[in-house]
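Engineer: Before we start, here is the structure in question, set down as structure tokens.
The values are calculated or read from the model by the stated rules, or taken from the named source; none is laboratory data. From a predicted model like this one, the values you see are computed outputs, not experimental measurements. Here the Cβ is made from the backbone with ideal geometry for all residues, glycine too, and neighbour counts use every protein chain on show. Ligands, DNA and RNA are stripped out before the accessible areas are found, and what is left, the full protein with its side chains, is counted by its heavy atoms. Shrake-Rupley method; radii C 1.70, N 1.55, O 1.52, S 1.80 Å.
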Amino acid sequence: MYVQDRSNPYIVDGSPAPPETSSSIKDKMATVKDVLGRWGKKVGEATRKAEDLAGNTWQHLKTSPSFADAAMGRIAQGTKVLAEGGYEKIFRQTFETVPEEQLQNSYACYLSTSAGPVMGVLYVSTEKLAFCSDNPLSYKSGGQTEWSYYKVVIPLHQLKAVNPSTSRNNPAEKYIQVISVDSHEFWFMGFLNYNGAVNFLQEVLQARTLESV
């Protein structure tokens with residue numbers, strides 16, 4: 001359970017979500033198992049992947065408190081993307097956008113929060129960085145438990161720094177620190193494509209800095 005941080009202007013109220021019923025959970029599990037079976041066959045036919053991709057995938061799954069839940073969640077998210085027509089469509093359904101705004105990239109990762117790492121997707125558009133959790137999280141409101149998606153929105157003109165970082169104790173643990181101009185910090189981790197995310201985010205920051213000069 002997480003605590004809503006009203007002092008951080010970049011954490012926005014998420015979309016309310018009702019608690020899942022046992023029947024809806026069973027339906028999702030059946031879908032995930034079916035996709036997992038087909039995905040396993042494709043993996044078996046695909047031969048070896050690059051070492052960095054394998055390492056990033058392993059680290060992504062290990063970042064979650066539950067390895068199995070992370071694996072199932074990642075597959076479920078992939079199924080959702082296919083069913084709903086791609087990340088561009090999900091991005092526009094999830095966040096407020098302006099007509100000329102375009103999604104440039106998206107990255108599966110985790111956001112560090114006071115309640116632990118939250119799995120989701122980091123979107124990079126022509127206007128903002130935006131993160132949304134894959135699943136609704138629970139929090140207390142007036143003594144009752146509510147459910148909502150965890151969202152962060154940082155307009156690009158509020159972006160100050162993008163800093164790659166590696167754990168001293170475990171070099172496999174890699175982070176990206178994002179800092180806003182008013183000194184709010186966000187730590188993203190467990191990227192499936194860490195190097196690609198670092199390079200792209202730094203290019204976005206550099207381009208935005210040149211525009212403001």
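Engineer: In a Debye calculation with equal point scatterers on the alpha-carbon sites of segment 143-203 and no solvent, what is log10 I(q)/I(0) at q = 0.19 Å⁻¹?
Structural biologist: Normalising to I(0) and taking log10 leaves -0.79.
Engineer: Using the structure shown, list the pairs from Lys89/Lys128; Lys89/Lys160; Lys151/Lys174 with a Cα-Cα distance above 18 Å, or answer none.
Structural biologist: Lys89/Lys160; Lys151/Lys174
Engineer: Here's another thing I want to ask about it. Quick check: at a probe of 1.4 Å, how many percent of the accessible area of segment 120-187 sits on carbon and sulfur atoms?
Structural biologist: Of all accessible area on segment 120-187, carbon and sulfur atoms account for 44 percent.
Engineer: Kindly write out, for segment 116-130 in residue order, the coupling ³J(HN,Hα) from the Karplus curve 6.51 cos²θ - 1.76 cosθ + 1.60 (θ = phi - 60°), rounded to whole Hz, with x marking Gly and Pro.
Structural biologist: Those phi angles translate into x, x, 10, 7, x, 10, 9, 9, 10, 10, 6, 10, 7, 9, 9 Hz.
Engineer: Which FRET efficiency, nearest 0.05, do Thr145 and Lys89 yield, Cβ-Cβ r, R0 41 Å?
Structural biologist: E between Thr145 and Lys89, to the nearest 0.05, is 0.85.
Engineer: Hey, what's segment 74-213 come to in accessible area per residue, 1.4 Å probe, Å²?
Structural biologist: 50 Å²
Engineer: Next question, about the same structure. Amide H neighbours of Lys128 under 5 Å, at least 5 residues apart or on other chains, H built in the peptide plane: list them.
Structural biologist: Leu156
Engineer: Okay, which of segment 110-145 sit inside 18 Å, backbone N to the point 7 Å along the Cα-Cβ direction of Glu96?
Structural biologist: What the label zone holds, given the 18 Å backbone N cut-off, is 125-132.
Engineer: How would you order 118-130, 87-99, 160-172, 182-194 from highest to lowest mean count of nearby Cβ atoms within 10 Å?
Structural biologist: My ranking of the peptides, most packed first, is 118-130, 182-194, 87-99, 160-172.
Engineer: Just to be sure I understand the model, the point goes 7 Å from the Cα along the line to the Cβ. What's the resulting Ser212 to Trp187 distance in nm?
Structural biologist: About 2.4 nm separates the two model spin labels.
Engineer: In whole Hz, what ³J(HN,Hα) sequence does segment 101-112 give by Karplus (6.51, -1.76, 1.60; θ = phi - 60°), x for Gly and Pro?
Structural biologist: Result, rounded to whole Hz: 6, 10, 6, 9, 6, 8, 9, 6, 6, 10, 10, 6.
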